[in-house]
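This report concerns only the one structure given below.
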Amino acid sequence: MQLRDTLRIARILNYCNDIEAVIERFGNNYDIFVSDKDYHDVVAFRILQIGELSSGISEELRNATSKDMNWQQIKAMRNIIAHHYGKIELAIVWDAAVNDIPELKTFCEEYLSNM
């Protein structure tokens with residue numbers, strides 16, 4: 001795999017860690033998330049950044065890891081946030097933050113430990 005892929009995965013991991021820290025700071029609670037604009041803005045922006053980085057990952061890595069990670073879904077989430085932010089359902093962002101981001105974090109950690 002390419003060095004730029006490794007750098008992108010490392011940056012994605014940093015954003016996953018940021019989301020984890022924000023959830024820890026504000027509280028792992030959907031009602032708090034929905035009621036605090038700063039909370040959901042920070043999480044949504046980090047997810048958007050992850051999607052942006054994932055779109056630059058090489059086709060080779062995407063194909064090699066397609067069973068472990070749904071890169072297309074990550075990019076789709078980025079597009080939803082970037083193009084429909086005022087209309088997105090916060091439940092979707094919350095679900096991604098508490099369910100998908102930990103899975104992505106684990107993937108990144110494993111990938112980087114094997115490099």
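Name the single residue, out of those in the stretch 66-115 being among the basic types (K, R) and surrounded by 13 or more Cβ atoms within 10 Å (Cβ to Cβ), that is farthest from L53 (Cα to Cα).
Ranking the qualifying residues of the stretch 66-115, first place goes to K105.
Looking only at the stretch 36-49, decide whether some residue is aliphatic (A, V, I, L, M), buried (at least 17 other Cβ atoms within 10 Å of the Cβ), closer than 17 Å to F107 by Cα and modelled with pLDDT of 95 or more.
yes
Does Y15 satisfy the criteria of being touching a Lys or Arg at 6+ places or on another chain (Cβ under 6 Å), surrounded by 13 or more Cβ atoms within 10 Å (Cβ to Cβ) and without any contact (Cβ under 8 Å) to a residue 60 or more places away in the chain?
The answer is yes for Y15.
When you go through A10, A21 one by one, which is the residue that is touching a residue at least 60 places away in the same chain (Cβ under 8 Å) and surrounded by fewer than 21 Cβ atoms within 10 Å (Cβ to Cβ)?
A10
Keeping to the stretch 1-29, report how many residues are at pLDDT below 95 and outside any helix (DSSP H, G or I).
Residues flagged as at pLDDT below 95 and outside any helix (DSSP H, G or I) within the stretch 1-29 amount to 3.
Among (1) over 21 Å from R25 (Cβ atoms); (2) free of Cβ contacts under 8 Å to residues at least 60 places away in the same chain; (3) among the aliphatic types (A, V, I, L, M); (4) in a helix (DSSP H, G or I), which single condition is I50 missing?
Among (1) over 21 Å from R25 (Cβ atoms); (2) free of Cβ contacts under 8 Å to residues at least 60 places away in the same chain; (3) among the aliphatic types (A, V, I, L, M); (4) in a helix (DSSP H, G or I), I50 violates only (1).
Being part of a loop (DSSP other than H, G, I, E, B), without any contact (Cβ under 8 Å) to a residue 24 or more places away in the chain and in contact with a helix residue (DSSP H, G or I) (Cβ under 6 Å, 6 or more places away or on another chain), is that true of even one residue in the stretch 60-78?
Within the stretch 60-78, none of the residues are part of a loop (DSSP other than H, G, I, E, B), without any contact (Cβ under 8 Å) to a residue 24 or more places away in the chain and in contact with a helix residue (DSSP H, G or I) (Cβ under 6 Å, 6 or more places away or on another chain).
The values are calculated or read from the model by the stated rules, or taken from the named source; none is laboratory data. In this text the structure is predicted, and so the values were computed from the model without any measurement. We place every Cβ from the backbone using ideal geometry, glycine too, and count neighbours over all the protein chains shown.
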